[in-house]
Amino acid sequence: MPKKDIQVLKGFRDYLPQDQIARNKIISKIQSVFERFGFEPMDTPALESYELLGGKYGEEGEQLMYKFEDQGGRKVALRYDLTVPLSRFIANNQGLVMPFKRYQIGSVWRAEKPQKGRFREFMQCDADIVGSSSELADAEIIAIFNEAFKALEVGEVEVKINNRKYINLSLEALQVSEKKCPEFMRIMDKVDKVGREKTQGMLKEAGFAKTILSDYEAEMQKQIFSYQEEFQNLLGSFEVSNVKFNPFLMRGMDYYTGIIFEFVLKEKPEFGSIAGGGRYDNLIGKLAEKDLPAVGCSIGMDRLFAALQDAGKIAPQTAAEVIIFNLDKKLTAEYLNMATNLRNAGVDCEIFYETAKLDKQFKYAQSKNIQVAVIFGQEEAQNKKVNIKNLMEKRQETVGLEDLITEVKSMLW
């Protein structure tokens, strides 16, 4: 088979075991925070009808969506996010108790241009509140994700906030036509990436007034002033203080109707937003045929992971914390008994399968970042002793067989 045929497709990636272990730990911490705030898990299919997903994500979304005909001639698409499938789920399950608080963690697909921290298949960690229009729900969603980043110890994050309601009021006051609003927002969303001067040139080229950028900024300051102060006070009650209102934040999805926000790692701003979301009060109602306000947020797991790797915050990982060295084939039963007892005591452990020299087994353990080695040969068997070595601290203890589990745990915890 040609080498090119076994290459990973551009924009996709494999995760080695040590990376996947780290990702699983991150996901577990995020789930724990979601459930602490009363959110329940759910899942939806990777494949949806194109009629459901089409027209929900703006012009750019239409270009990036993976869509095709299946074997039955049906137009289908890989899910572009987890929000529109949630809307379909709500429309099909209208007996749910409201407000409905759910979280979902799963892959989505977009045919984007691959770059640092940006892939064509990536995992999203979503939490949404459906059935409440309260600003308290808006604030709690932000607080939940702020708490998740604290739990992950990612370093300082900044929350950028804006509100589509006040963006629309400002554009209305500036007499920007409804037809031109999506294009204005698409261009303005690039201010932080390309700068004011280039953005102004893009706006002028698109037919907007020469002073539209400064006029919009001034109008937004008037429109959003009282809301901004009240909402910051509300967030303060949730102990969220790292907040910055940004009049240029637009977020690309067409379905947002109220607050919009993004989380950025202060240490790694070049990775862009690691989480984002907002209020989308009309999306579910279009499918459910009744008003159902909603607000939600999503962590881009792969971008977050890439940023944490780049910042050196992902420690070497291993599935097994302890290894039992194999020094004598005649002691196989003893090794298996040790492993069983350690596992029953909640210790992740493995056995080196073949009898081999100590040097080879040490190299194997160190290459897998295993913390503790159990060393038991004929001499130890005769004396009913066992050597336990902390491979991280280069420290070894000899204890009675009956103290194996206690000593191993003391080295781990």
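No value in this document is a laboratory result; all are computed from the given coordinates. Model, not experiment: these values are computed from the prediction. With ideal geometry, Cβ positions are generated from the backbone for all residues, glycine too; neighbour counts draw on all protein chains shown.
Side notes on the structure shown:
- Integer Hz, Karplus 6.51/-1.76/1.60 couplings in order for the stretch 88-105, x for Gly and Pro: 5, 4, 5, 4, 8, 9, 7, x, 5, 6, 10, x, 9, 10, 10, 10, 9, 10
- The lysines whose alpha-carbon is closer than 16 Å to the alpha-carbon of LYS363, local same-chain residues fewer than 8 away aside, are LYS389, LYS394.
- Lysines whose Cα lies under 20 Å from that of LYS180, excluding same-chain neighbours fewer than 8 positions away: LYS56, LYS165, LYS190, LYS198, LYS204, LYS210
- Reach of LYS25 by Cα under 19 Å, taken over lysines that are not fewer than 8 positions away in the same chain: LYS150, LYS313, LYS368
- For the stretch 322-408, with +1 on Lys and Arg beta carbons and -1 on Asp and Glu, the positive-most of LEU401, GLY377, MET338 along the dipole: GLY377
- Amide H contacts of ALA294 (H built 1.01 Å from N, under 5 Å, at least 5 apart or other chain): GLY131, TYR280, ASP281
- Shape call, the chain: gyration tensor on alpha carbons, a/c limit 1.5: prolate
- Beta bridges by DSSP in the chain, antiparallel share as percent, to the nearest 5: 80 percent
- Relative contact order of the stretch 322-408, defined on C-alpha pairs under 8 angstrom at six or more residues apart (%): 29 percent
- Among 320-331, 239-250, 123-134, 204-215, the peptide with the highest mean count of other Cβ atoms within 10 Å heads the list, and the full ranking is 123-134, 320-331, 239-250, 204-215.
- Taking Cα atoms only, the orientation of helix 135-152 departs from the longest principal axis of the chain by about 30 degrees.
- Applied to the stretch 58-69, the Karplus parametrisation 6.51 cos²θ - 1.76 cosθ + 1.60 on θ = phi - 60° returns per-residue 3J(HN,Hα) values of x, 4, 5, x, 4, 6, 8, 6, 7, 10, 6, 9 Hz, with x for Gly and Pro.
- Normalised contact order of the chain, rounded percent, pairs of Cα under 8 Å and 6 or more residues apart: 16 percent
- Integer Hz, Karplus 6.51/-1.76/1.60 couplings in order for the stretch 377-382, x for Gly and Pro: x, 4, 5, 5, 5, 5
- On Cα atoms only, tilt of 196-205 relative to the major axis of the chain in degrees: 50 degrees
- Inverse mean reciprocal Cα-Cα distance (Kirkwood Rh) of the stretch 322-408, Å: 12.8 Å
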